[in-house]
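Following: one structure in structure tokens, then a few remarks.
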Amino acid sequence: MAANQGEVDTPVGTLRCTLRASKEVTAYFGNFINANQRIANLDSDAITVLVAAGLEKKVKEVEDIVFAAGVVTLKAPVERWLNLLANGGKPYHKLSVQDETTVRDAADEFVSALPGYKDTPFAQAVIDSITDLSATFLATFSEPTQDEPGNA
């Protein structure tokens, strides 16, 4: 994981959450939901635009590295970065260390059962996506605890 909040490491470099990147994303896609939908569709043009925004480069400068890395490999980290960007570079939910370990172990077991996928970029993308989805699910449907902001 990236050293600083608001940063996500990818195979093509560290994507940074900046106001400039946020403006570029909303100017190109209209909103963050549209951008997320295009990522979900593995839209290579969309992922290239997002990588360029996160690296603070021009699209032409990153087209080749995005193609070489592959959109399947980049999907999970670009999606994680986009969600951070939509929240001003701050995480919007987080699993406890114990819950994240449990989810990652279960996801790893699932991926290991798929012939030929263990220890591949695809497997890591699946594990990251399952972990992010689990955190979103828990944040959405769990009861607030006393130590969460706004609960006395």
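Name the pairs: first residue in the stretch 78-89 and in contact (Cβ under 8 Å) with a residue 12 or more places away in the chain and at positive phi, second residue in a loop (DSSP other than H, G, I, E, B) and surrounded by 21 or more Cβ atoms within 10 Å (Cβ to Cβ), Cβ to Cβ under 8 Å, at least 6 apart or on different chains?
Gly88/Cys17; Gly89/Cys17
Answer yes or no as to whether Asp43 is of a type outside the set (Ser, Thr, Tyr), modelled with pLDDT under 95 and under 16 Å from Lys75 (Cβ atoms). Reasoning before the result, please.
Numbers: of a type outside the set (Ser, Thr, Tyr): yes; modelled with pLDDT under 95: no; under 16 Å from Lys75 (Cβ atoms): yes.
No, not satisfied.
Based on what the data block shows, is Arg80 modelled with pLDDT under 95 and among the charged types (D, E, K, R)? Step through it out loud before you land on a result.
Details: modelled with pLDDT under 95: yes; among the charged types (D, E, K, R): yes.
It is true that Arg80 is modelled with pLDDT under 95 and among the charged types (D, E, K, R).
With (1) within 21 Å of Ser134 (Cβ to Cβ); (2) in the same structural domain as Asp132 (by TED's automatic domain parsing) as the list, and Pro115 as the residue in question, which single condition is left unmet?
(1)
The values are calculated or read from the model by the stated rules, or taken from the named source; none is laboratory data. Since this is a predicted model, take the numbers as computed values, not measurements. Cβ sites come from the backbone with ideal geometry, for glycine too, and all protein chains shown count toward neighbours.
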